[in-house]
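Encoded as structure tokens, the structure appears first; notes follow it.
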Amino acid sequence: MSVFYLSKTDLKKMRGKTALVRVDLNIEPGAEKNSFRLEAILPTIRFLLARGAKVVILSHRGRPRGRDKNLSLRPFAPILQKELKQRVEFMTVLPRMIAPQRGKVFLLGNLRFWKGEEKNDVGFARRLAALGDFYVNDAFAVSHRKNASVVAITRFLPSYAGLLLEKEIKNLGGILKYTTHPFTIILGGGKTSDKLGVMNYFWNKADNLLLGGAPANTVFVAQKLPVGNSLIDRGSTSQILKLIRKEVEPRKIVLPLDVKIADKKILDIGPQTVEKYSKIISKSRTVIWNGPPGLFEKKGFEKGTIGIWRAILRNRKAKIIVGGGETTASFSLIHNSKFMIPKNIFLSTGGGAMLKFLSGRKLPGIEALK
Ligand code: 3PG
């Protein structure tokens, strides 16, 4: 069974109807403006508005425990309003229905402020569904989560994949079919367990696994090397050891040669590592990158991430996929006009979702659209 794509659907009959559009506005507080993730959701909303539909935008933000002002979606309302040239009404309370005279674009508060969202609660999904006539999933980055606004909601409304979700499925699906070698995977950032699935899946396919951030620290711990207070994932060390035992020459796992430290924490890769990783990237013909190698948001610890970006952008011969909220946000370190990306590079809005998808696993949010 295939996914129902919004782009292929006759929406003529939907004029005057209300679309519930699930997007991913999981963007760090303070980084709302010029965000790649925000920019990426606009085509679907514009597409629907141009066809006469009203749009209710649904998203989560962060991992709140109850209501948390810092994780409100309110700051996005004026930004969306400017981009869409439409009044955007922000709603903190889940209404019973959308009153027809109230406008064309609505943004509901952070879905994770409601308990039912992460439990994939059918009752909560039904309440959300009551707000619209049809549902559009344009949140690839959350499609690996069995959440009410991603999965359960599709039981109540005609459901489609939005333009962004379609683009992600097609581009990421393509790389699985045609990988040319050398094939390099770069893994950094915070969540190690997400990345282990990729290391396992691609073990026989990839030539190099370049590590930074928490994944590299966790390997150091598995090798009984001191890492001070660095970010690690203790739960992953035994699985990492299994991978290390599989190593034969030439080794696949490539670890930092030098690191930058502050407050007893490894916060970036050093210059020798940047040089080594850049050489490997320049020879590669397929590259997947998820997770920055350092804490680039902190001044003095951005050079590793900048170095990787430069190497990535210099390589015009490889098919390259870069994904994850932080990784795509880090592009602003080297470029002002974010979206001038060379054609051989595909920027994915997905982090964990991209890794799962590339690991050949089914994403519940996509399955629910079939
Ligand atoms: C992401 O940033 O990868 C998505 O928004 C999913 O967020 P989560 O890992 O908190 O579910």
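With 10 angstrom as the radius, rank HIS60, HIS144 by how many other C-beta atoms surround their C-beta, starting from the fewest.
Listed from fewest to most nearby Cβ atoms, that is HIS144, HIS60.
Taking 2.2 N^0.38 Å as the expected size of a compact globular protein, what ratio does the Cα radius of gyration of the range 179-358 give against it, to two decimals?
That ratio works out to 0.94.
Given LYS115/LYS195; LYS119/LYS146; LYS33/LYS356, which pairs have Cα atoms separated by over 19 Å? Write down the numbers at each step before the final one.
Values: LYS115/LYS195 28 Å; LYS119/LYS146 8 Å; LYS33/LYS356 28 Å.
Exceeds cut-off: LYS115/LYS195; LYS33/LYS356.
Please give the calculated 222 nm ellipticity per residue for the chain, where each DSSP H segment of at least 4 residues contributes -39500 (n - 2.57) and the sum is spread over every residue; nearest 500 deg cm²/dmol? Can you show the working numbers first?
On the way: 12 runs with 118 residues, N = 370.
Computed mean residue ellipticity for the chain: -9500 deg cm²/dmol.
Tell me, rounded to the nearest percent, the portion of alpha carbon pairs in the range 276-355 spaced more than 19 Å apart.
Here the tail beyond 19 Å accounts for 31 percent of pairs.
Please list, by residue number, every one of the trypsin sites (Lys or Arg not before Pro) in the range 1-32 that is coil in DSSP and has at most 16 other beta-carbon atoms within 10 Å.
Details: sites: LYS8, LYS12, LYS13, ARG15, LYS17, ARG22; in loops: ARG15, LYS17.
Loop-located and lightly packed - ARG15, LYS17.
Convert each backbone phi in the range 163-168 into a coupling constant with the Karplus relation 6.51 cos²θ - 1.76 cosθ + 1.60 (shift: θ = phi - 60°), then list the ³J(HN,Hα) values in order as whole Hz, x for Gly and Pro.
5, 5, 4, 4, 4, 5
Can you list the lysines whose alpha carbon sits under 26 Å from that of LYS13, skipping same-chain ones fewer than 8 residues off?
Partners within reach: LYS54, LYS85, LYS104, LYS167, LYS370.
In terms of modelled amide H atoms, which long-range or inter-chain residues lie less than 5 Å from the amide H of LEU267?
Correct list: LYS260, ILE261, ALA262.
By the gyration tensor of its Cα atoms, with a ≥ b ≥ c the square roots of the eigenvalues, what is the shape of the chain: rounded for a/c under 1.5, prolate for a/b over b/c, or oblate?
In terms of gyration-tensor shape, prolate.
When only DSSP loop residues count, what chymotrypsin sites (Phe, Trp or Tyr not before Pro) in the range 150-240 have their Cβ near at most 10 other Cβ atoms within 10 Å?
Numbers: sites: PHE156, TYR160, TYR178, PHE183, TYR201, PHE202, TRP203, PHE220; in loops: PHE156, TYR178, PHE202, TRP203.
Answer in residue order: TYR178.
Over the range 250-370, what is the relative contact order in whole percent, taking alpha-carbon pairs under 8 Å and six or more residues apart?
Relative CO of the range 250-370 lands at 20 percent.
Nothing charged except the Cβ atoms of Lys and Arg (+1) and of Asp and Glu (-1): what's the magnitude of the dipole of the chain about its Cα centre? Round to the nearest 20 debye.
680
In whole Hz, with x marking every Gly and Pro, tabulate ³J(HN,Hα) for the range 22-31 from phi via Karplus 6.51 cos²θ - 1.76 cosθ + 1.60, θ = phi - 60°.
7, 10, 10, 9, 7, 10, 3, x, x, 10
Percent relative contact order of the chain, based on C-alpha pairs within less than 8 angstrom and at least six residues apart? Don't skip to the end; give the middle numbers.
Numbers: 746 pairs, mean separation 64.0, N = 370.
Once divided by the residue count of the chain, the mean separation gives 17 percent.
Find the relative contact order for the range 6-164 and round it to a whole percent, using C-alpha pairs within less than 8 Å whose residues are 6+ positions apart.
29
Which residues' amide hydrogens lie under 5 Å from the amide hydrogen of ASN120, considering only partners 5 or more residues apart or on another chain, with H built in the peptide plane?
Those lying under 5 Å, H to H, from ASN120 are ALA148.
Mind checking which aspartates and glutamates have their Cα closer than 20 Å to the Cα of LYS276? Skip sequence neighbours fewer than 8 apart in that chain.
Candidates past the 8-residue exclusion: ASP207, GLU247, GLU249, ASP258, ASP268, GLU302.
Given the chain, what percent of its DSSP beta bridges are antiparallel, to the nearest 5?
Values: 4 of 44 bridges.
Antiparallel bridges: around 10 percent, rounded to the nearest 5.
Could you pull out the trypsin sites (Lys or Arg not before Pro) across the range 197-245 that fall in loop regions by DSSP (anything but H, G, I, E, B) with no more than 11 other Cβ atoms inside 10 Å? Kindly include the intermediate steps, with their values, before the conclusion.
Numbers: sites: LYS205, LYS224, ARG234, LYS242, ARG245; in loops: LYS205, LYS224.
Listed in order of number, the matching sites are LYS224.
Which cross-chain or sequence-distant (5 or more) residues have an amide H under 5 Å from the amide H of LYS17, H modelled 1.01 Å from N in plane?
When sequence neighbours closer than 5 places are left aside, the close amide H contacts are LYS54.
Could you run the Karplus curve 6.51 cos²θ - 1.76 cosθ + 1.60 with θ = phi - 60° over the range 49-64 and give me ³J(HN,Hα) per residue in whole Hz, x for Gly and Pro?
With coefficients 6.51, -1.76 and 1.60, one gets 5, 5, 9, x, 8, 8, 10, 10, 8, 10, 7, 10, 8, x, 10, x Hz.
Taken together, the values in this text are just the output of simple stated rules run on the coordinates, not laboratory data. Everything numeric here is computed off the predicted structure, so don't read it as measured data. All Cβ positions, even for glycine, are placed from backbone atoms using ideal geometry, and neighbour counts span all protein chains on display.
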